[in-house]
Amino acid sequence: MSPPSHFDFIEARDKFTTATKSAVDIRNCKPLTNAFSHLPGNETEKKATLDQALRGVLEEQIVKQKVNVEDFLSLIYISIDGVTEGICSATTPFLLLGDVLDCLPLDQCDKIFSFVEENVSTWKSNTFYSAGKNYLLRMCNGLNLQSQFNLDNITVFNKNEQDSTLGLQHTEVKEDGMEVEEGEMGDEDAPAPCSIPIDYNLYRKFWTLQDYFRNPVQCYDKFLWMTFLKFSDETLAVFKSYKLDDMQASKRKLEEMRTAAGDHVYFAKFLTISDLVTQGKFPFFLQLMDLQLSDSNFRRHILLQYLILFQYLKGQVKFKSSSCVLNDDQSLWIEDTTKLVYQLLRETPPDGDKFASMVEHILNTEENWNSWKNEGCPSFVKERPAETKPIRPSRKRQAPEEFLGKGPDRKILMGNDELTRLWNLNPDNMEACKSDSREFMPSLEEFFEEAIEQADPVNMVEDEYKVVRNSNYGWRALRLLSRRSPHFFQPTNQQFKSLADYLENMVIKLAKELPKDLPSEEIKTGEEDDDENGDNLLKESNDSPSIQSKTVTNSQMDEIAAKLGSQWKTLADHLEMSEKEIRVIESDSEDVELQAKMLLVAWQDREGPQATMESLVTALNSAGFSNVAEGLSET
């Protein structure tokens, strides 16, 4: 008969890991069941190994960061099936859920919470409820909207003073024969002894506080609050009196207990007096409270419980009853005690200041979290308002009183009489600028009067002395022509070497059109007779000119343009206008009468003195417009 094979943890874990990956691929727990049945060892060892293998596979999936949430949930489903088959621990699915929630971003955790809600019936079953209720409570803290507490978390301690040995004075003899109390240290760097005696009363009060931490609602009861207040003051006074100068104190006490108890040493955080009484360890039972007070981690746990309790008592929780309200004295005591607790945390080594700051930051974050829950968990995405900046109504700045006169006709005083007169000519400065008296643009006749006189050969003015040769005069003449003369924008084929030559040509045209004795700011329309419009400036005699030398007036061009209409291009060919000139005329206006007028003006500008009525009549007859030509001859 061969000896039974020993259980190899490494080999078993590797086989379970391979089987778990196969189970995830096929979405079935059968590979794990087969591996569990074929491995040697007892059931407890194999369950613990499978638990490790499941968490190891989950760790690999998380590290890869290429696996989606569905793969995580598949692994959790397989662990649930494993618990049902009895091959893994009932806490394993909850441990896997916790690992996933710790590593996933918020947007993906939503699917995990949906999974938890969908499987409520599974968590309520006898197999999972007792093993996983505490895990779910811690894991789904955000879902605990009704401020429910885990009241099953009861701290058991010895409540009978007769069964306690704290009152006994256990002594030992040093090498020199002097009796000292147990727990006294001979080292020079030992912490200062506590001024408050560590007896059964302190022990009972200290551990009674755990019931208030378990169920904070008791603090709203008047009589229970007085008990909590008294016990807390004494406990915090012990912490304040029992200073921890370094980390060596708890280590020395631990070594002493290890020497006295042998191999079995228990962490102070999880020990109470009743534990040692049950185990019959009376010789070092007395040292336990002293050891706990010397443990910095234990002290931090207790002080942190105070801060969490105070935050709940002061916080505005949506589902608190109306009776759960603190009075002014309670609020003041909590505020003062909170400062004391933070001070004790800063004095607790190692890195007390850093630890206290971190705790304060975490509790502030928790307070914001509670406020968000109280508001009904609104979305973090805020809609941008329609108008980001409010429109501020503009208002006119009022003039200082010292600048305003008195009475109904008060004036704005500008410092001297002349400025005051100018400023108050009109109450509205912009309206004053629109007045007719502010019109300073001269008429064409007034401005070009001197130039027209100089252009007359009778006056015999040399070119160098003419005003058109003055650059300043030329610039002002161009601006005036652009405002008052149609010739400025009419196309022409004449080439001018200088601005003076162009202005001389314009002066000749204006001399023909403008009357000499009737001032006007507008160009004459030509409705008067040609004899009245004629100008003797360029004529050699006072006789009426013949049709051969008679020029076409502006009114005559308007009459001809109206008769030609859209047929003006026919006349353009007989006036020897180029295609380019015709395209320019078409692009300048869409009105056919205006296009015909521009044709005649362009022809007159090109021909100059040769643009006589005889030439135009000849072109009209050639183009087939004899009726128009006869009307022109009669005028």
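The values are calculated or read from the model by the stated rules, or taken from the named source; none is laboratory data. These numbers were taken from a predicted model, which means no experiment stands behind them. Because the Cβ atoms are built from the backbone with ideal geometry, glycine has one as well, and the counts that use them run over all protein chains shown. The protein model used for the area step is the full one, side chains on, heavy atoms only, and it has no ligands, DNA or RNA in it. Shrake-Rupley method; radii C 1.70, N 1.55, O 1.52, S 1.80 Å.
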Task: Residue-span extension gain [residue 301 to residue 576] - 0.36 nm each, minus C-alpha spacing - done: 87.9 nm
- [ ] Sort 446, 586 from largest to smallest accessible area, using a 1.4 Å probe on the heavy atoms of the protein chains.
- [x] 446, 586
Task: Links that overshoot a 19 Å alpha carbon limit, given the list 205/354; 512/550; 15/111 - done: 205/354; 15/111
Task: Gyration tensor (Cα) of the stretch 444-513, equivalent ellipsoid semi-axes in angstrom - done: 18, 13, 13
Task: Inter-label distance, nm, simple model (7 Å from Cα along the C-beta direction), residue 482/residue 8 - done: 10.3
TODO: Provide the packing ranking of 101-108, 290-297, 578-585, i.e. peptides ordered by the mean count of other C-beta atoms within 10 Å per residue, highest first.
DONE: 290-297, 578-585, 101-108
- [ ] Can you tell me the FRET efficiency between residue 421 and residue 441 if r is taken as the Cβ-Cβ distance and R0 is 30 Å, rounded to the nearest 0.05?
- [x] 0.70
Open item on the list: At 0.36 nm per residue, and after removing the present C-alpha to C-alpha distance, how many nm does the segment from residue 21 to residue 104 gain when stretched out fully?
Closed with: 27.8 nm
Task: Sorted peptide list for 224-233, 453-462, criterion being average Cβ within 10 angstrom, highest first - done: 224-233, 453-462
- [ ] Multiply the residue separation of residue 453 and residue 372 by 0.36 nm, subtract the distance between their alpha-carbon atoms, and state the gained length in nm to one decimal.
- [x] 19.8 nm
Open item on the list: Using only the alpha-carbon atoms, what does the stretch 554-634 span along each of its principal axes? Please give whole angstrom values in decreasing order.
Closed with: 34, 24, 22
Task: Inter-label distance for residue 45 and residue 381, nm, one decimal - labels placed 7 Å from Cα along Cα-to-Cβ - done: 5.5
Task: Rg/Rh (Cα only; Kirkwood hydrodynamic radius) as it applies to the stretch 9-142 - done: 0.95
Open item on the list: Starting from the 7 Å offset along Cα-to-Cβ, what nm value, one decimal, do you get for the label separation of residue 118 and residue 495?
Closed with: 9.1
- [ ] Please work out the FRET efficiency for the pair residue 130 and residue 322, using the Cβ-Cβ distance as r and a Förster radius of 30 Å; give the result to the nearest 0.05.
- [x] 0.30
